[in-house]
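K.L.:
Quick one: structure below, then a few questions.
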Amino acid sequence: MLVKKNNQTTTPESNPARGDKLNISNDKLYEAIKKRAYDLYCKRGYQHGHDVNDWVEAEKQVKRQFGLSR
């Protein structure tokens, strides 16, 4: 679960007071997901109709990359 606080996205396990690196701005997270979804679209040969699947897969990959997945 993601928690928004002061335009930062954190997981319940993260603790900014401890200096955890899991804090990331929502804008940065969104941009990373958007870029990855576009990369998936390109990799698939620019075929339309898979935008939701690309976004969901990109979200999983980016959250895992930033340590936001369980």
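K.L.:
So which pairs qualify, if the first residue must be in the stretch 45-70 and over 16 Å from LYS34 (Cβ atoms), the second must be exposed (fewer than 11 other Cβ atoms within 10 Å of the Cβ), the Cβ gap must be under 7 Å, and the two must be at least 6 apart or on different chains?
P.N.:
none
K.L.:
Can you spot a residue in the stretch 45-67 that is at pLDDT 95 or above, exposed (fewer than 10 other Cβ atoms within 10 Å of the Cβ) and in a helix (DSSP H, G or I)?
P.N.:
Within the stretch 45-67, one or more residues are at pLDDT 95 or above, exposed (fewer than 10 other Cβ atoms within 10 Å of the Cβ) and in a helix (DSSP H, G or I).
K.L.:
Still on this model: Could you check, for the stretch 2-21, whether at least one of its residues is outside any loop (DSSP other than H, G, I, E, B), over 16 Å from the mean Cα position of the chain (by Cα) and modelled with pLDDT of 95 or more?
P.N.:
So far as the stretch 2-21 goes, no, none of its residues is outside any loop (DSSP other than H, G, I, E, B), over 16 Å from the mean Cα position of the chain (by Cα) and modelled with pLDDT of 95 or more.
The values are calculated or read from the model by the stated rules, or taken from the named source; none is laboratory data. Being a predicted model, the structure only gives us computed values, none of them experimental. Glycine also receives a Cβ, built like all others from the backbone with ideal geometry; neighbour counts cover every protein chain displayed.
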